[in-house]
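Visitor: First, the structure itself, so that you have it in front of you.
The values are calculated or read from the model by the stated rules, or taken from the named source; none is laboratory data. The structure presented is a predicted model; accordingly, all values stated were derived computationally and were not measured. A quick note on method: Cβ atoms are made from the backbone with ideal geometry, for glycine too, and the neighbour counts reach across all protein chains shown.
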Protein chains: 4
Amino acid sequence: MIQVGINGYGTIGKRVADAVRAQDDMEVIGVAKTRPNFEAETAVKKGYPLYAAIEERAPLFEESGLELAGMVEELIDAADIIVDATPSGIGAQNKELYDEYETPALYQGGEDADLVDVSFNARGNFSEVEGADHVRVVSCNTTGLSRLAAPLEEEFGIEKMRVTLVRRGGDPGQTSRGPINDILPNPITLPSHHGPDVKTIFPDLSIDTLGMKVPATLMHTHSVNVSLESEPTADEVRDLLEQESRLFLIRENMNIDGAGKLKELAHDIGRPRGDLWENCIWRESISMEGNDLYLFQAIHQESDVVPENVDAIRAVLGTADAAESVAKTNEAMGMGI
Amino acid sequence: MIQVGINGYGTIGKRVADAVRAQDDMEVIGVAKTRPNFEAETAVKKGYPLYAAIEERAPLFEESGLELAGMVEELIDAADIIVDATPSGIGAQNKELYDEYETPALYQGGEDADLVDVSFNARGNFSEVEGADHVRVVSCNTTGLSRLAAPLEEEFGIEKMRVTLVRRGGDPGQTSRGPINDILPNPITLPSHHGPDVKTIFPDLSIDTLGMKVPATLMHTHSVNVSLESEPTADEVRDLLEQESRLFLIRENMNIDGAGKLKELAHDIGRPRGDLWENCIWRESISMEGNDLYLFQAIHQESDVVPENVDAIRAVLGTADAAESVAKTNEAMGMGI
Amino acid sequence: MIQVGINGYGTIGKRVADAVRAQDDMEVIGVAKTRPNFEAETAVKKGYPLYAAIEERAPLFEESGLELAGMVEELIDAADIIVDATPSGIGAQNKELYDEYETPALYQGGEDADLVDVSFNARGNFSEVEGADHVRVVSCNTTGLSRLAAPLEEEFGIEKMRVTLVRRGGDPGQTSRGPINDILPNPITLPSHHGPDVKTIFPDLSIDTLGMKVPATLMHTHSVNVSLESEPTADEVRDLLEQESRLFLIRENMNIDGAGKLKELAHDIGRPRGDLWENCIWRESISMEGNDLYLFQAIHQESDVVPENVDAIRAVLGTADAAESVAKTNEAMGMGI
Amino acid sequence: MIQVGINGYGTIGKRVADAVRAQDDMEVIGVAKTRPNFEAETAVKKGYPLYAAIEERAPLFEESGLELAGMVEELIDAADIIVDATPSGIGAQNKELYDEYETPALYQGGEDADLVDVSFNARGNFSEVEGADHVRVVSCNTTGLSRLAAPLEEEFGIEKMRVTLVRRGGDPGQTSRGPINDILPNPITLPSHHGPDVKTIFPDLSIDTLGMKVPATLMHTHSVNVSLESEPTADEVRDLLEQESRLFLIRENMNIDGAGKLKELAHDIGRPRGDLWENCIWRESISMEGNDLYLFQAIHQESDVVPENVDAIRAVLGTADAAESVAKTNEAMGMGI
């Protein structure tokens, strides 16, 4: 059993913990948190040993009636691998610590690409991370774009990919983020950094991206254009994408018009936390104009990287190949709608 | 086993179906729907026999690959009781049908109080509905106010209750409702109809209400003032409310500042669909100024009436008394946070 | 003096009235409205003769203390030209009436292109509408795209234009429109109808568009890609666009990050109603990748068609050529920031 | 002519500048700003001498092509009175500077009440501030409540005032503020600080307040309850409030349902920046239940304190009494709808 420690038990960390626990070849030996709140309480209730990430704040946990298993250093020392799910920029600060205990670490997409040896996406470059000490699981958006680019490139060839990412302003629980009533070009300078981030997975891909931020919390939505090297029909594209295990093609008769109904579907089928681990592509939107493919996809920022983190654990430790790992992860989590 | 039919499988109906299924003294013999969509698909996947609510549209289900068990009339005929969870106003149109088959019916709070023999809230008037043919489970807001008023009236006496209901503009999946960026007095004339609705449960209560509509989808929030007939301390009020099984007092150290984090908590503890069946009262907000009690409570419009519907089934059929039914419902659903 | 009648005194109609009044070669002889409200009150205060659009409702105006000048038919009869600024689809119903009185009419972009003889954009096809009986001033989005396409096509040649239109869900005063918290592909099928609408002005342009709807009220925002036939530098594109009188390039040192600050700028410089008649293009966003131009522009849905309506009056009646009319309109309104 | 200096040229400062300029007994001798942006540009275009508030950043203005008149100290020295319209908390830091130059100063409601000698509202305590060195014009919400409380107390007597303030999350141009989709009790502990703030104007008033924050930008909305010492009819209350020059009673036939349409009305009648300096009270909402008065009012957070700042200038310098000043201010600004 792979002993997994999770540093950071917020939006991503808590989901990765549950996903790791669902696997039969790994277990969660502890989660670390900086301060007590409802999430720390839940971690304890779920039986995850709770570690304090900041020594001075350790007493706060006990004041809140939450028993600690120790300090984060002990967790790092004991783990075969650490999943760092701390807020953007904190992972970089933790790197030294992981090195000190010689524990390989996975970081999230909020960290800079050059912090790590290699960036990771299960569909894109599973085999490239084996044995690496520092690996970055790319962001939710980059994960979504990588899963889409891979089959298109393999089957039809990509001449140029152009994507407008209409991003949610904050997560449902992030009450101090905006905007309240605006559409923000973000960043204003073009092309945006999202394209280069996809290139950490596919160095040769020609891709330009534009980002915006809007007052919505549920999911990002991508307006995608791909100039292909060949001219398949829209149906051929649909058939190709339907074979991908982490792409969900929203069927026409579902009458789903946006992220609200997508999340409602996830809730109705019993998904934990209403999570949508798959890219959600409107089947109806897939269309071809000449060699230009167009489509819309919605990306659940809180969860699409969760199965990728699970796969990255096996990829780094070399315990399974891509097909095997993805199949195991999917099966254990219940991928597919 | 009580044979329960559910007419309307949307926001409320699908939740009531799952809650009924969780009980050991009743079962769902079928659900009726007007047209195929992702919810109809899920009903079938979950094994609920699916009935067409509108004869002419029956073929649409088969075109969508969804097998029908029959027409809604057959469901009504076979049921011991019908839960009508259709949109506001449709319940009134269905009444004749239920009479025709002599099947007692529960309606939702969107129907007029004078459509029915009696309105229902488990904490307020459980014993008054036995044997009634037409019973209305009061709305989410009235349910929330009734649960709060009952213990306060019993323990301290209520001189006057004044509540501002800041209501979500629409549910998460209702994409055509607004406002987008406004605060609407709604209704503009005062006091609002919410107070009289609470009086369908507590006829002698003195209550004035004011309603507003804002651009949020997760929960309603009530700003509550109760002029009490005595002057308890805030702690005495807290102690009283903590004894109520369907009031959840949000603890200070949870660091929950609004509905977003409340829903996140619900997700984390594994609540189906992230539902919050309890009134969510900020413990810290409970305060006394003279004999004036003030507090904030959040009400989950999609789910707080679900346990009430389950109780109403037993109340109408006379198969359990209030304490027994509430305990059974709570146990089966997993009430309490 | 051209005698202008305005049928419909809402968002567009009231702005066109003020803009027509500001010109020295035309005057507003009356405005028609279906029912009394604050806008009707203001029309009277401003001295616009008020006509009832629906005979049966005429008494309502007098009950509200608003004196009527007559029925809309009298206005149509007296006018040299009618600007129909009624809601989408009502213009089509009014067409017969305008024919009956042989009064040429301008319609708005909400009407179908095939209702009219020709669609109109001042920068695109001013000279093509002279003498036409029924002319459609294209929608706010199409106006914005036409103003941008014209100089690019003339100077650099357009191979293909691809635009994602992130549209505001409703206007600031439209409180029943949504979504509240969602990002909606709208329409879901691709490409959207916006591209073909631009082709009513530029029949030979190759353009694909995608539309979304988000919870914001202030302005639409376009994410624009133009594959050019040549490879200018970004500065050359900036220089070209800066010469256009109805394109406003937002300067870097203004620190404007979205529509909220754009509107604030409009208010600060004294624009009536905070209107932004120009396309608002982020100067910093203009960039070239190979022959691919990228940029962001914000479009004020309530007002960018207002100067176009004024120009269309002269264009239809043949009283000025494009350069002359645009200069007059701009000067009278105060175009340019 | 009173020589007025304005330190801070943002939301409030720029409006106060324009309002001061409109008076015939005072003039703006300069405005100070910390950094160049579109507002600084506009100040220069309007002919307000521009001063740098932070010496090190002075060169940034010239780099942006904006000529400076000097440093803020020179402005303070030259002024008869300073209106400090800097962000909350900065006023406190500036106090020493104003003392150094012996220039009396007006602060805004974001500063603590105990920073100053006395707090100010024109309708409440005009005569109490003459000769004071440090005066705080109370916040938008407190201004709105003071204007309402004064006539009610004088005419009917107030037993207890209870108000729920549903506050906009941020101003239209504040893009980093939230929440996006939530209703936040804010503060969670009750009663909120707004009540004590009203008592800085009316020390003997019994008032309890509750605050919430919602995703809207246009105006705050108050749900007001006043237990009166007598029992007037609703019409008597309406008649009383209609006599107040800074209360606007929204007439029923205006069909105004919220802040969006209120702002549209302001725009239509030509108000600068669409400002609403008056409390906007829904006439229809005014109602009496026993001795309990209920009503809704909307408060424009960006502008209702502007006329109060103008009056405070005269009040501090003793150049006019309350009636005279309010009449002058109203006349010059165009108060009344």
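Visitor: Which condition does A:Lys199 not pass, out of (1) more than 20 Å from the chain's Cα centre (by Cα); (2) away from chain B (no Cβ under 14 Å); (3) surrounded by fewer than 23 Cβ atoms within 10 Å (Cβ to Cβ), if it passes all the others?
Guide: Against the list (1) more than 20 Å from the chain's Cα centre (by Cα); (2) away from chain B (no Cβ under 14 Å); (3) surrounded by fewer than 23 Cβ atoms within 10 Å (Cβ to Cβ), A:Lys199 comes up short only on (1).
Visitor: Of the numbered conditions (1) more than 17 Å from the chain's Cα centre (by Cα); (2) not in a helix (DSSP H, G or I), D:Lys95 fails exactly one; give the number of that condition.
Guide: Status for D:Lys95: all satisfied but (2).
Visitor: Look through the range A:224-248, keep the residues that are among the polar types (S, T, N, Q) and touching a residue at least 60 places away in the same chain (Cβ under 8 Å), and return whichever of them is surrounded by the most Cβ atoms within 10 Å (Cβ to Cβ).
Guide: Among those that are among the polar types (S, T, N, Q) and touching a residue at least 60 places away in the same chain (Cβ under 8 Å), it is A:Asn225.
Visitor: Determine, yes or no, whether A:Glu159 is more than 10 Å from chain B (Cβ to nearest Cβ), modelled with pLDDT of 95 or more and more than 21 Å from the chain's Cα centre (by Cα).
Guide: The answer is yes for A:Glu159.
Visitor: Can you name every residue in the range A:202-217 that is within 13 Å of another protein chain (Cβ to nearest Cβ) and of a type in the set (A, V, I, L, M)?
Guide: A:Ile207, A:Leu210, A:Met212, A:Val214, A:Ala216
Visitor: Keeping to the range C:162-173, report how many residues are more than 14 Å from chain D (Cβ to nearest Cβ) and within 18 Å of A:Pro179 (Cβ to Cβ).
Guide: Total meeting the criteria: 2.
Visitor: Now for a different question. Among the polar types (S, T, N, Q), assigned to a loop (DSSP other than H, G, I, E, B) and over 16 Å from the mean Cα position of the chain (by Cα): does that describe B:Ser192?
Guide: Taking the combined requirement at face value, the residue satisfies it.
Visitor: Based on this model, can you work out whether B:Asp171 counts as of a type in the set (Asp, Glu) and over 19 Å from A:Pro172 (Cα atoms)?
Guide: When the stated conditions are applied, B:Asp171 does not pass them.
Visitor: Within the range C:287-306, track down each residue that is within 14 Å of chain D (Cβ to nearest Cβ) and farther than 18 Å from A:Asp182 by Cβ.
Guide: Matches in the range C:287-306: C:Val306 only.
Visitor: Taking D:Ala40 as meeting all but one of (1) assigned to a loop (DSSP other than H, G, I, E, B); (2) within 14 Å of another protein chain (Cβ to nearest Cβ); (3) among the aliphatic types (A, V, I, L, M), write down the number of the exception.
Guide: Condition (1) is where D:Ala40 drops out.
Visitor: Does the range A:314-324 contain any residue that is crowded, with 23+ Cβ neighbours inside 10 Å, at negative phi and small (Gly, Ala, Ser)?
Guide: Yes, because at least one residue in the range A:314-324 is crowded, with 23+ Cβ neighbours inside 10 Å, at negative phi and small (Gly, Ala, Ser).
Visitor: Take D:Ala32 and tell me if it is within 12 Å of chain C (Cβ to nearest Cβ) and at pLDDT 95 or above.
Guide: No; evaluated as a whole, the condition is false for this residue.
Visitor: Can you find even one residue in the range B:270-278 that is surrounded by fewer than 20 Cβ atoms within 10 Å (Cβ to Cβ) and over 30 Å from A:Arg35 (Cα atoms)?
Guide: Looking for residues that are surrounded by fewer than 20 Cβ atoms within 10 Å (Cβ to Cβ) and over 30 Å from A:Arg35 (Cα atoms), one finds none in the range B:270-278, hence no.
Visitor: Related question: When D:Gly169 is evaluated against the numbered criteria (1) in the same structural domain as D:Gln108 (by TED's automatic domain parsing); (2) buried (at least 23 other Cβ atoms within 10 Å of the Cβ), which criterion, by number, is the only one it fails?
Guide: (1)
Visitor: With respect to C:Thr221, is the statement that it is touching a residue at least 12 places away in the same chain (Cβ under 8 Å), within 14 Å of chain D (Cβ to nearest Cβ) and among the β-branched types (Val, Ile, Thr) true?
Guide: Considered against the rule, which asks whether it is touching a residue at least 12 places away in the same chain (Cβ under 8 Å), within 14 Å of chain D (Cβ to nearest Cβ) and among the β-branched types (Val, Ile, Thr), C:Thr221 comes out as yes.
Visitor: Got at least one residue in the range C:263-275 being on the phi < 0 side of the Ramachandran plot, more than 23 Å from the chain's Cα centre (by Cα), modelled with pLDDT of 95 or more and more than 9 Å from chain D (Cβ to nearest Cβ)?
Guide: The answer is no; no qualifying residue exists.
Visitor: Is the range D:312-319 home to any residue that is within 12 Å of another protein chain (Cβ to nearest Cβ) and touching a residue at least 40 places away in the same chain (Cβ under 8 Å)?
Guide: no
Visitor: Quick one: count up the residues across the range A:112-134 that are surrounded by fewer than 24 Cβ atoms within 10 Å (Cβ to Cβ), on the phi < 0 side of the Ramachandran plot and not in a helix (DSSP H, G or I).
Guide: The number of residues fulfilling the criteria is 8.
Visitor: Also: What pairs can you find where one residue is in the range B:63-92 and surrounded by fewer than 16 Cβ atoms within 10 Å (Cβ to Cβ), the other is acidic (Asp, Glu) and assigned to a loop (DSSP other than H, G, I, E, B), and their Cβ atoms are less than 7 Å apart, with a gap of 6+ or different chains?
Guide: Cβ pairs passing all conditions: B:Ser88/B:Glu111.
Visitor: Condition first: within 14 Å of chain D (Cβ to nearest Cβ) and either in contact (Cβ under 8 Å) with a residue 12 or more places away in the chain or under 26 Å from A:His300 (Cβ atoms) (or both). Now tell me which residues in the range C:174-196 satisfy that.
Guide: C:Gln174, C:Arg177, C:Gly178, C:Pro179, C:Ile180, C:Asn181, C:Asp182, C:Ile183
Visitor: On the given criteria, is A:Glu284 free of Cβ contacts under 8 Å to residues at least 12 places away in the same chain, out of contact with any Lys or Arg (no Cβ under 6 Å at 6 or more places or on another chain), of a type in the set (D, E, K, R) and at the interface with another protein chain (Cβ under 9 Å from one of its Cβ atoms)?
Guide: no
Here's the yes/no breakdown for (1) within 22 Å of C:Ile12 (Cβ to Cβ); (2) at pLDDT below 95; (3) polar (S, T, N, Q):
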position: C:His220; (1), (2), (3): yes, no, no
position: C:Ser223; (1), (2), (3): no, no, yes
position: C:Arg251; (1), (2), (3): no, no, no
position: C:Ile299; (1), (2), (3): yes, no, no
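Visitor: Further, regarding this structure: Which condition number in (1) closer than 30 Å to D:Gly178 by Cα; (2) facing another protein chain (nearest Cβ under 9 Å) is the one that C:Leu249 fails?
Guide: (2)
Visitor: Looking at the range D:235-248, can you tell me whether even one residue there is on the phi > 0 side of the Ramachandran plot and either out of contact with any strand residue (DSSP E or B) (no Cβ under 7 Å at 6 or more places or on another chain) or assigned by TED's automatic domain parsing to the domain that holds D:Lys160 (or both)?
Guide: Scanning the range D:235-248 turns up no residue that is on the phi > 0 side of the Ramachandran plot and either out of contact with any strand residue (DSSP E or B) (no Cβ under 7 Å at 6 or more places or on another chain) or assigned by TED's automatic domain parsing to the domain that holds D:Lys160 (or both).
Visitor: Take the residues in the range D:30-40 that are in contact (Cβ under 8 Å) with a residue 12 or more places away in the chain and surrounded by fewer than 21 Cβ atoms within 10 Å (Cβ to Cβ); name whichever of them is farthest from the chain's Cα centre (by Cα).
Guide: D:Arg35
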